[in-house]
Amino acid sequence: MSNPDQNEKKQECQNQRECMEMLQLILDGEASPDQKEHFLMHHLEDCIPCYKNYHLELTVRELLKTNCTGQAPQELIDSIKAKVIPNFLSR
Amino acid sequence: MDHMELEESPKQQYSDKEKENIFNNEFMPHINSMYNFAYRLTLDQDDSKDLVQDTYLKAYRFIDSFQQGTNAKAWLFRILKNSFINDYRKKSKEPSKVDYQEVESYYNSEEVDRQITPDLRVEALKDMIGDEISNALNALDVDFRTVIILCDLEGFKYDEMAKILDIPIGTVRSRLHRARNLLKEKLSEYAKQMGYKNA
Ligand SMILES: [Zn+2]
């Protein structure tokens, strides 16, 4: 990441709501390549609030993925198999 | 889940061998995601086991309604979500905090436009241990929790989420937007508490 030159960058975003929506579209993989390029290559480089929001959103998503997923208990897997598999053999 | 929903797609006629193959190779690989979804919905380990087991038994029973080559994970998630609404939500200990009509009108109101920018920083987030994130997610109302799980944990696309939840894509987007703001508000509360501790 390049060190932002505070003088050339916008301290406030003029289109915060639209930007936030675009940012989410991009992170959700729903933006078109053009939208993505325009926002990431042009807007994000110049707009400090959007740059910060982007990294905040990324971090929240990473933390969710690492902390809020888990494994099904083996007893559950065994129990489902025990109930369903006999059906394959019974006919 | 009523039978109509599972029978709306054209019926297949799978052989026993094909059924076994679909069940083992297309349904069972999603067991961890399914369990996690059930757990985040019910917030109870026993309920989530029952819910997942019920869902898999239904999936087997209605396997002829599943078209091979379509998204098995989305199909299973939809059955689980409907089972949750029909069988678990009513008896859930969690009080029903959200009046559905009220929520929908809220999404469509100007309130959504209000840009909530919680005073939350990446550095504060990185100091959190996993429990805070998990608790923040669990503290959201179930409708908001659900869209975050589907999108951020499971990687479903908006159109897939719309089908799983039986809501328009526009509602998926606005609900996600609101859910993420609420989650960040929660996290920023935790960050403040941590700040007091460190001070
Ligand atoms: Zn901006």
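Observations, loosely collected:
- With respect to the conditions (1) within 26 Å of B:ARG145 (Cα to Cα); (2) open to solvent by 30 Å² or more (accessible area, probe 1.4 Å), A:THR59 lacks only one, and its number is (2).
- Selection from the stretch A:23-36 of residues that are within 14 Å of chain B (Cβ to nearest Cβ) and either under 13 Å from A:TYR51 (Cα atoms) or not hydroxyl-bearing (Ser, Thr, Tyr) (or both): A:LEU23, A:GLN24, A:LEU25, A:ILE26, A:LEU27, A:ASP28, A:GLY29, A:GLU30, A:ALA31
- Residue count for the stretch A:23-49, restricted to those that are under 15 Å from the mean Cα position of the chain (by Cα) and within 9 Å of the ligand (Cβ to nearest atom): 1.
- Hits in the stretch A:54-91 (condition: within 16 Å of the ligand (Cβ to nearest atom) and more than 8 Å from chain B (Cβ to nearest Cβ)): A:TYR54, A:LEU58
- Whichever residue in the stretch B:17-33 is more than 7 Å from chain A (Cβ to nearest Cβ) and either of a type in the set (Val, Ile, Thr) or open to solvent by less than 10 Å² (accessible area, probe 1.4 Å) (or both) and, among such residues, is nearest to A:GLU75 (Cα to Cα): B:PHE27
- Enumeration of residues in the stretch A:12-22 that are within 8 Å of the ligand (Cβ to nearest atom) and within 11 Å of chain B (Cβ to nearest Cβ): A:CYS13, A:ASN15, A:GLN16, A:CYS19
- Hey, B:ARG180 in contact with an Asp or Glu (Cβ under 8 Å, 6 or more places away or on another chain) and not assigned by TED's automatic domain parsing to the domain that holds B:ASP44 or not: yes
- Test: residue in the stretch A:23-42 that is open to solvent by 70 Å² or more (accessible area, probe 1.4 Å) and hydroxyl-bearing (Ser, Thr, Tyr): no
- Count - residues of the stretch B:46-66 that are open to solvent by 10 Å² or more (accessible area, probe 1.4 Å) and either under 16 Å from B:SER83 (Cα atoms) or among the aromatic types (Phe, Trp, Tyr) (or both): 11
The values are calculated or read from the model by the stated rules, or taken from the named source; none is laboratory data. Computed from a predicted model, the values in this text were never measured in an experiment. Don't worry about glycine lacking a Cβ; one is built from the backbone with ideal geometry, like all the others, and counts go over all protein chains shown. Only protein heavy atoms, including side chains, enter the accessible area calculation; ligands, DNA and RNA are left aside. Shrake-Rupley method; radii C 1.70, N 1.55, O 1.52, S 1.80 Å.
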